[in-house]
Every structure is written in C-alpha cells, then in structure tokens.
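Student: This structure is in structure tokens; I'll ask about it shortly.
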Amino acid sequence: MADLKAELAWRSNHKAIFYYRPHLKQAAAHADSSRIRLILGANRSGKTQWGSAEDYAHAVGYRPWLDSADPAYKIDIRVPNKGLVIGESFGEQIKKVSIPKLLGDPEKGTPGVIPTDALEGVKRNQQGIITFIKLTNGSTIDMQSYDQPVELFESSDYDHVHFDEPPPRPIWIAVQRGLTDRLGHSWLTLTPLKEPWIFDELVSRADVGKHYFDIEDNLGFGLTREGIDNFTMNLTEDEKECRLRGRFFHLTGLVYKLYGAINRIRRVPIQRHWGVWMHIDSHPRTPHHAVWIAVLPDGKKFVAGELKNSHTSNLVAPFAEAIKVYEAEILKRRGDEIVRLIEPGSSTPNPTKDGLSIKDEFEEHGIYCRPGSKNRDAGILKMQGELQYDPSAGTYPNIYFFDDLTGVHHEMTHYVWDDWAQKASYGRTDKQKPKDADDHFIEGIHRILLDEPECPGMEVDDEPAGAGARSTANSVTGY
C-alpha cells in the first residue's frame, strides 16, 4: 500500500497533466475547435492553467486528461510542431507564471503540465530565464514577452501560440502573420484590464471562440470561499466586474451601461410623417460629424444616420454637399423637412476668414442651423432616461439605433468617465466628467434630445396603417 501511494504521489507530480480535471467552463473551452479562442477570465479563475494545458496538448497532438474516445481528445495538428507562449515580461510573467505552469518543480512537489519524461531540454537567456523548451517528441515551445521589439515576432512561423494576458495589437498582428502559413491556432488567456482593441476587434467576431471564466468557477479547483471573499473585500464595485467576472475594465466606467443589443435595430425607411432632427459637431481641425434622429408618433426615437467629413482639409463645402446627398439618398428627406442644430461654438468668428464663422460657412452652402445646448450634464441625464428599461415592469427603451451606424455604436460603447481607471484604483467614485474622446456623434444626440424633438402634427392614433397603428407596440421595435 505504501508503494502504491508513493507511485501515485510521484505520478501526480511528474505526470500531472494526466490527472488534470478542468472545471466546466474550462472543459467547454478545451472542446472549442475555433482557430482563435479568447478566454476572458477573472483573477484566479483558472485561465492560465487552461492555456498551459492547451500548450502541452498541442505540442503532443492530443489532450492526455481526456478519454481517447472523447471528440476533443485528438487535435488536428502535425507533430512534432512549433509553439510559442508570450507573456507581459520575462522577469515577471514568463519566469514566475508561464514557466512554473509548464514545467513546475516536481522534486519540490509543484507539478507542471509537461511530464518530466516528455521534456528533452531547455535553453535560458543571460538572466537564467528559460526561453526555449524541447520535448522528446521533437516539438518545441518558444517563450517571448510583450516588452520585446515587435520586429522579433515578425520572422517566425508557428503552429500554435498562447498569449497570456492582453497583447499589444502590433504583436498580435505580427504573430498572426506567422500562423498563416501553417493554419495555426492561437488562444488568449487574460483578465481584460487593458488593450481595449481586443474588445473592438475580437469579441465581435463570430469566428472567435469566446469563453468567460468567473472567479467562482474555480471554487473547489484551487480556491476556497474564504480566499475569494478576502480578495473581494479589497475591490471597488467596478473593479469586481473585471477581476471577479472577466469584464473589460475600460467598459466599467461606461457612461451608458444600459446601451446594448436591445437598442440596436435593423434600418427601416424613414416615414414621411416622422420628425427628423440633425446635429453638426463642427471642429476647425478634427473632422466635422453629423448625426440624425427620427421621431415617431409614439415618441420613440431612432438614431437614423451618421456622417463624418472625409475631406482631408475638413472643408465645409464638400461636407455640406455630402449632407444633402445623404439626406436625399439615405433618409429620403428634403433639407427643409429637417430641424438642424450645430455645435454652440460654431458661431465664433474666424479672423482668418474675415470673421466668417463655421456656422456662417454652412449657411453659405444651404445648411441652416441654430446652436444646440451647451448643457452636457443635462444631455447625459436625458440620454440615460431614454435608455432606461425594465421588461419585468413592461417598460422598454425610448431610443433605438440603426445597426449599420458603426461610428455611433463605437462611441456608445467607448464613452467613459474621465480618468475612471485611475479613480477606480484609488476607490474614488466622483465620476462627473466624461472623457473628451469618442463623443462627436454622442454630443449631437445629446443636443437633439435637449431640443425636445417631436413628430409634429400627428398623434399616435393617426399613424397610417402598416406603420404601427392600432397596436400598443411599436411596429419596428416590437415594444
């Protein structure tokens, strides 16, 4: 019996991967065959352990902890092969996290995912940190870090790559090029504290396998309730969203957290009897932006159009003509049917143009506007009110956005309180001023809402048949 226990203890240290038991979300992510997998995990949720297990599994072509009859057991990859693990830095991430997860220290009772009899050798850099691992089957795993020049990632081809924590976009692009020739696979295991490009470019992609690990998922798999509770007590409410639930930290300071799929609808024709408002966010240097809102008889509002000046010198004349074309061809409305607003500061005379203001220039080209409100705080409150909904109480949003308005959608998902990340790190909650970025369309929407837009001359009951008449629900939104 003693010999059997000793053998089991030796195996659990030297062949730990065969005894790996993933939690349910880890198991689902292992079974995902997507070429790119994104593991958004809380701190201590098991994401790096998952990634390290995949590192070894791809190096040998199968997942040793699964039964050979399991559909996820065999990996479609040539063996031997070439892999890469990248962390934030050699001194911290690679030395203290990645290498211990892969190799462990079996003699001290700390197992790694690579069995000791599968390891042929390693190479180290001048600091003594392991940078290269070779297995007895001929497969290799390189170790690199994000603090290295991007040029070092440009020249190699790989069969599989593990990004541990969020990579800078230039490194991601360089490595993806290296995966192309071999149709390689990659996975990212991260707590989304930075690199918001990942949210913009990967989360929205249908071909990316996305998995979310909560800290609670690892309860009983290395974490105790007491440990989780002690960690939680040190976090602000918004930090909890990222560090406990794996939500992108740059979104925890969002001004409009209620905005989401419920607000996005397919484009529909703008009916002749609907009210239409537009706003021009004018700038002497950055491109002018225009946004349109249609108002229905039931009071619901559809953000229906967006336009950004594409002229390299940001001239007013071509943008004014583009506005007319957009309204005629996309919105099917004449200019005299639209209520126009403009940035309040647009009336400031420009001494380099004989005192002519930007507002004056637009008027010279047939775009007549009146200044919108300067009250940003009131605009934010107005928008928050329009977004409110509670399906359990039978209430739904009063504002919707056509789903082809990519610029507006980007701003709604990136409009954050100024210095929120820094304030949150100090536990501050005085979030009063939005960051002056990603707000050109949003400021226009604010000013239109403050102008109390309406559908003139028609009550809800007067709406023509086919446009939602005789129904308590809007014919487009369904609410």
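Student: Going by what's in this entry, would PHE221 be described as in contact with a His (Cβ under 9 Å, 6 or more places away or on another chain) and either modelled with pLDDT of 80 or more or not in a loop (DSSP other than H, G, I, E, B) (or both)?
Tutor: No; evaluated as a whole, the condition is false for this residue.
Student: When TRP277 is evaluated against the numbered criteria (1) within 32 Å of the chain's Cα centre (by Cα); (2) more than 19 Å from GLU443 (Cα to Cα), which criterion, by number, is the only one it fails?
Tutor: (2)
Student: Now, a different point. Regarding ALA28, is this residue surrounded by fewer than 16 Cβ atoms within 10 Å (Cβ to Cβ), within 31 Å of the chain's Cα centre (by Cα) and over 29 Å from VAL150 (Cα atoms)?
Tutor: Values: surrounded by fewer than 16 Cβ atoms within 10 Å (Cβ to Cβ): yes; within 31 Å of the chain's Cα centre (by Cα): yes; over 29 Å from VAL150 (Cα atoms): yes.
Against the criterion (surrounded by fewer than 16 Cβ atoms within 10 Å (Cβ to Cβ), within 31 Å of the chain's Cα centre (by Cα) and over 29 Å from VAL150 (Cα atoms)), ALA28 qualifies.
Student: Would you please name the residue that is modelled with the lowest pLDDT, looking only at residues in the stretch 249-261 that are in contact with a Phe, Trp or Tyr (Cβ under 9 Å, 6 or more places away or on another chain) and assigned to a loop (DSSP other than H, G, I, E, B)?
Tutor: Looking at residues that are in contact with a Phe, Trp or Tyr (Cβ under 9 Å, 6 or more places away or on another chain) and assigned to a loop (DSSP other than H, G, I, E, B), I get THR252.
Student: Could you please let me know if SER373 is touching a Lys or Arg at 6+ places or on another chain (Cβ under 7 Å) and polar (S, T, N, Q)? Break it down stepwise before answering.
Tutor: On the way: touching a Lys or Arg at 6+ places or on another chain (Cβ under 7 Å): yes; polar (S, T, N, Q): yes.
Answer is yes for this residue.
Student: Then there is this: Are there any pairs, at least 6 apart or on different chains, whose C-beta atoms fall under 7 Å, with the first in the stretch 269-293 and in the same structural domain as GLU361 (by TED's automatic domain parsing) and over 18 Å from ASP404 (Cα atoms) and the second part of a loop (DSSP other than H, G, I, E, B) and of a type in the set (Ser, Thr, Tyr), and if so, which?
Tutor: Cβ pairs passing all conditions: HIS288/SER282.
Student: Let me confirm something: among ILE171, ILE129, which residue is hydrophobic (A, V, I, L, M, F, W, C), in contact with a helix residue (DSSP H, G or I) (Cβ under 7 Å, 6 or more places away or on another chain) and under 19 Å from ARG37 (Cα atoms)? Reasoning before the result, please.
Tutor: Details: ILE129 fails: under 19 Å from ARG37 (Cα atoms).
Every option except ILE171 fails the conditions.
Student: Here's another thing I want to ask about it. Taking ALA328 as meeting all but one of (1) at pLDDT 95 or above; (2) small (Gly, Ala, Ser); (3) under 34 Å from the mean Cα position of the chain (by Cα), write down the number of the exception.
Tutor: Condition (3) is where ALA328 drops out.
Student: For the stretch 183-203, which positions are under 16 Å from HIS409 (Cα atoms) and of a type in the set (D, E, K, R)?
Tutor: Within the stretch 183-203, ASP200, GLU201 meet the criteria.
Student: Going by what's in this entry, would ASN137 be described as at pLDDT 95 or above, polar (S, T, N, Q) and on the phi < 0 side of the Ramachandran plot?
Tutor: Numbers: at pLDDT 95 or above: yes; polar (S, T, N, Q): yes; on the phi < 0 side of the Ramachandran plot: yes.
It is true that ASN137 is at pLDDT 95 or above, polar (S, T, N, Q) and on the phi < 0 side of the Ramachandran plot.
The values are calculated or read from the model by the stated rules, or taken from the named source; none is laboratory data. All of these numbers come straight from a predicted model, not from anything done at the bench. Cβ coordinates were reconstructed from backbone atoms using ideal geometry, including for glycine residues, and neighbour counts include every protein chain displayed.
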